[in-house]
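Student: One structure, as structure tokens, below. Some questions next.
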Amino acid sequence: MSADREWRLIREQPLDGALAMAYDEAAARTAAAGGPRTVRLYRWRPSTLSLGYGQATDTVDWAACEQRGVDVVRRNTGGGGIYHDTYGDVSYSIIAPADEVPGDLLATYERFCEPLFAAFERLGVEAHFAEKERPPVHQPACYLRGLHPAHDIVAKDGRKLSGNAQYRREDAVVQHGSVTFRAEPERHLDCFATDAVTPADFGDRVTSLEEQNPALTRRETVDALTAALADWAGAETGSWTDEERAFAERRADEKYRAEAWTRERTDPTD
């Protein structure tokens, strides 16, 4: 990235689903106002099902999520639902002003996924964008939707390893995504209102870093992705400001924890 742009790195922090999404908005406000651009990692605690912006609520097994202590939050990005396991998932965000990002969506994905590929290389895992589209296995589940060469990252065997999505405000662009360190097929599928997909079906489409390189630890994965993001952006370790923390807490309560948003996709803050 441009050396004259100030970037900060927010190291991995455990967050519930509402705060994880609210901090993306906080960082977007900061970047749009002339403050630092942000690369960040976060860990979902508790394990969380994040719904795509337009996802129908009847695709979710709400009782199973509640019984298993899985939080549910709706994202601002499209696509299907993703089960973010507290241990098995590693998530990141990149946030920059809109006028510093390519207008072409595919070009932005190519640029913003560069640190992911650098991290996979550090970890000894061969990965690349999906070479061609593949049909969906189960449309409501992000990792089982049709593979798309623009933003789906697969291992050398063609199975999905990372999903990435963007949303664009007038003044800022947010890309966030998840990397599967350890796949949890049963827990993932339990979140969805279907019996038509089996763990074996899931394993045919999805892999993990741990499966690709059994010697890896989660800490090594986080460290590699942290270093790759920092190197790519030229970022120094930073922290949230008091104003950003206050905004994120307020936004989490008013929007992301609201039934109107989660169940009906209605933003109570509008």
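The values are calculated or read from the model by the stated rules, or taken from the named source; none is laboratory data. Only a predicted model underlies this, so the values are computations on that prediction, with no experimental measurement involved. Neighbour counts run over all protein chains shown; Cβ positions are idealised from the backbone, glycine included. Accessible surface areas use protein heavy atoms only, side chains included; no ligands, DNA or RNA. Shrake-Rupley method; radii C 1.70, N 1.55, O 1.52, S 1.80 Å.
Student: Looking only at segment 75-82, decide whether some residue is open to solvent by less than 10 Å² (accessible area, probe 1.4 Å) and out of contact with any helix residue (DSSP H, G or I) (no Cβ under 7 Å at 6 or more places or on another chain).
Tutor: Yes, segment 75-82 contains a residue that is open to solvent by less than 10 Å² (accessible area, probe 1.4 Å) and out of contact with any helix residue (DSSP H, G or I) (no Cβ under 7 Å at 6 or more places or on another chain).
Student: Out of the residues in segment 51-80 meeting the condition of being more than 16 Å from A18 (Cβ to Cβ) and hydrophobic (A, V, I, L, M, F, W, C), tell me which one is farthest from the chain's Cα centre (by Cα).
Tutor: A63
Student: Looking at A193, A200, A215, A252, can you tell me which residue is of a type in the set (G, A, S), modelled with pLDDT of 95 or more and within 20 Å of the chain's Cα centre (by Cα)?
Tutor: Selected residue: A252, the only one of A193, A200, A215, A252 that is of a type in the set (G, A, S), modelled with pLDDT of 95 or more and within 20 Å of the chain's Cα centre (by Cα).
Student: Return the residue satisfying two criteria in turn: it lies in segment 159-192 and is open to solvent by 60 Å² or more (accessible area, probe 1.4 Å) and touching a residue at least 24 places away in the same chain (Cβ under 8 Å), and of such residues it is farthest from R111 (Cα to Cα).
Tutor: It comes out as R187.
Student: If E244 satisfies all but one of (1) open to solvent by 60 Å² or more (accessible area, probe 1.4 Å); (2) within 22 Å of A27 (Cα to Cα), what's the number of the condition it fails?
Tutor: E244 satisfies every listed condition except (1).
Student: If you take the residues in segment 83-105 that are of a type in the set (D, E) and farther than 19 Å from A27 by Cβ, which one is most open to solvent (accessible area, probe 1.4 Å)? So that I can check it myself, show each step before the final result.
Tutor: Filtering segment 83-105 for residues of a type in the set (D, E) gives 85, 89, 99-100, 104.
Next, from what is left, pick out any that are farther than 19 Å from A27 by Cβ: 85, 89, 104.
Numbers: D85: 10, D89: 9, D104: 88 Å².
Looking at residues that are of a type in the set (D, E) and farther than 19 Å from A27 by Cβ, I get D104.
Student: Related question: Are any residues in segment 196-221 over 16 Å from A127 (Cβ atoms), of a type outside the set (F, W, Y) and surrounded by 12 or more Cβ atoms within 10 Å (Cβ to Cβ), and if so, which ones?
Tutor: Those that are over 16 Å from A127 (Cβ atoms), of a type outside the set (F, W, Y) and surrounded by 12 or more Cβ atoms within 10 Å (Cβ to Cβ): V197, T198, P199, D201, G203, D204, R218.
Student: Contact list please: Cβ distance under 6 Å, first residue in segment 95-115 and without any contact (Cβ under 8 Å) to a residue 12 or more places away in the chain, second residue part of a helix (DSSP H, G or I) and surrounded by 14 or more Cβ atoms within 10 Å (Cβ to Cβ), pairs at least six apart or on different chains.
Tutor: Pairs found: P102/T108.
Student: Can you spot a residue in segment 128-138 that is under 15 Å from the mean Cα position of the chain (by Cα) and either open to solvent by less than 40 Å² (accessible area, probe 1.4 Å) or aromatic (F, W, Y) (or both)?
Tutor: no
Student: Residues of segment 106-125 being open to solvent by 80 Å² or more (accessible area, probe 1.4 Å) and under 13 Å from N164 (Cβ atoms), which ones? First the steps, then the outcome.
Tutor: As a first pass, look at segment 106-125 and keep what is open to solvent by 80 Å² or more (accessible area, probe 1.4 Å): 106, 110-111, 114, 121-122.
L106, E110, R111, E114 - these are the residues of segment 106-125 that are open to solvent by 80 Å² or more (accessible area, probe 1.4 Å) and under 13 Å from N164 (Cβ atoms).
Student: Ok, one more. Return the pair list, or none, for Cβ contacts closer than 7 Å from residues in segment 41-54 that are more than 21 Å from A27 (Cα to Cα) and open to solvent by 50 Å² or more (accessible area, probe 1.4 Å) to residues that are part of a strand (DSSP E or B) and acidic (D, E), at least 6 apart or on different chains.
Tutor: Partner pairs satisfying both residue conditions: P46/D71.
Student: I'd like to know if segment 24-35 contains one or more residues that are part of a strand (DSSP E or B), open to solvent by 10 Å² or more (accessible area, probe 1.4 Å) and over 20 Å from R250 (Cα atoms).
Tutor: Looking for residues that are part of a strand (DSSP E or B), open to solvent by 10 Å² or more (accessible area, probe 1.4 Å) and over 20 Å from R250 (Cα atoms), one finds none in segment 24-35, hence no.
Student: Report yes if A228 is open to solvent by less than 50 Å² (accessible area, probe 1.4 Å) and over 19 Å from the mean Cα position of the chain (by Cα), otherwise no. Working first, answer last.
Tutor: Values: open to solvent by less than 50 Å² (accessible area, probe 1.4 Å): yes; over 19 Å from the mean Cα position of the chain (by Cα): no.
No: the conditions fail for A228.
Student: Residue under question is A155, and the condition is that it be open to solvent by 10 Å² or more (accessible area, probe 1.4 Å), aliphatic (A, V, I, L, M) and in contact with a helix residue (DSSP H, G or I) (Cβ under 7 Å, 6 or more places away or on another chain); does it hold?
Tutor: No: the conditions fail for A155.
Student: Going by the structure shown, is A20 part of a helix (DSSP H, G or I), more than 13 Å from the chain's Cα centre (by Cα) and of a type outside the set (K, R)? Spell out how you get there, then give the answer.
Tutor: Numbers: part of a helix (DSSP H, G or I): yes; more than 13 Å from the chain's Cα centre (by Cα): no; of a type outside the set (K, R): yes.
When the stated conditions are applied, A20 does not pass them.
Student: All but one of (1) among the polar types (S, T, N, Q); (2) buried (at least 18 other Cβ atoms within 10 Å of the Cβ); (3) farther than 19 Å from P14 by Cα hold for T269; state the number of the condition that does not hold.
Tutor: (2)
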